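Quick notes on the structure that follows.
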Amino acid sequence: MSQNRQDPTQPWILIAVIAVQALCAAVFLGDMFADLSGMEAAEPGQGEGPHAYVEGLAAVALLAAILIEARILMWLMRRKAHLEASLSSAQAAVQDVIDTEFANWSLTPAELDVATFLVKGLSTAEIAALRGSAEGTVKAQLNAIYRKSGASNRAELMSLLIDSMMGQRQPAPDDTSARFG
């Protein structure tokens, strides 16, 4: 999807639709009152009475729709706020689990930096470029991280972190039989 395209889930779009409907309802009501108030002076055969009642019904229907849409909009905005708060809590919890695992592994500051980039999915070359170090240095730090965590590669390390996030018991780094058995 294009970044320039407007997101239809934005509340201001629904607010604009409600405003247009309110304007239409006001026009219908105004026309209806004008028709009914001028009905006495009009000739009896023009049929303004039924036309005014149809406009009145249309205005009432629009007003009912506006009330329903406003209630839905408020519910959606509350739901969005709740989901954003839940997501923020979940992100903090995930970060806490990762930080705890890194602390348990006793990573050096450089290894911690590399491990953070690793968790974010960066390649060895990308990590080296961001840290301003050689790929060989990053590979050595990755090996130290794998050794300290008990993992033998990137996928295994991520699996350990995911298991920890899911609340599954973590075996000691040298207890591979419990992890794979």
- Message: Give me log10 I(q)/I(0) at q = 0.16, 0.24 Å⁻¹ for the range 46-155, Debye formula, one equal scatterer per alpha-carbon, no solvent.
- Response: -0.82, -1.22
- Task: Have a look at 73, 102, 118 and report the one farthest towards the positive end of the charge dipole of the range 69-120, computed about the Cα centre with Cβ charges (Lys/Arg +1, Asp/Glu -1).
- Result: 73
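No lab work stands behind these numbers, since they all come straight from the coordinates. Quick caveat, the model's predicted, so the values are computed rather than measured. Backbone-built Cβ (ideal geometry, glycine too); neighbour counts: all protein chains shown.
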